[in-house]
Amino acid sequence: MAFLAVISATAKNQWNVGGHYYDVDTIIFPHQAGPGVYCAKYDLPDMPLKVSVMEMDLTCPYIDLEMCMGQDKSIGCETPANMIARNNWVGHEVVGATNGDFFA
């Protein structure tokens, strides 16, 4: 438990959100999820907000950005995890997804 506390303390930094600075704790340190893909997870406890970050090197020849619709319908409700499972097959590995209409 003490080891985790030390890691959390060394991972602290601040982010500027809307002109206000918030302390940020790293929950999952940046790690490689696939060729040219790095993921991390952060916590802003004062908001409260958890942020998942996926960074992709779009010059990597193994990376393609693709779109799919929930349940393959124009109006469909499906979680990103289900979309990943539905679109994974040999030679086509999905390493991340986001729910784009959340931001609309």
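In what sequence do 52, 74 fall when counting other Cβ within 10 Å, fewest first? Intermediate values should be presented prior to the final figure.
Values: 52 12, 74 7.
In order of increasing Cβ crowding within 10 Å: 74, 52.
Magnitude of the Cβ-charge dipole of the range 15-97, K/R +1 and D/E -1, about the Cα centre, nearest 20 debye? Each step should come with its number before you reach the end.
Numbers: 4 positive and 11 negative charges, 41 e Å.
Computed about the Cα centre, the dipole is about 200 debye.
Please give the Cα centre distance for the range 70-85 versus the range 11-55, rounded to the nearest Å.
Distance between centres, Cα-based: 26 Å.
With θ taken as phi - 60° and the coefficients 6.51, -1.76 and 1.60, list the Karplus ³J(HN,Hα) couplings across the range 48-65 in order, rounded to whole Hz; mark glycine and proline as x.
These are the phi-based 3J(HN,Hα) values: x, 7, 10, 10, 9, 10, 10, 10, 10, 8, 6, 8, 5, x, 8, 9, 10, 9 Hz.
Only the coordinates and a few stated rules stand behind these numbers; no lab work does. Everything numeric in this text was worked out from a predicted model, so none of it was measured. Virtual Cβ from ideal backbone geometry, glycine too; neighbours counted across all protein chains shown.
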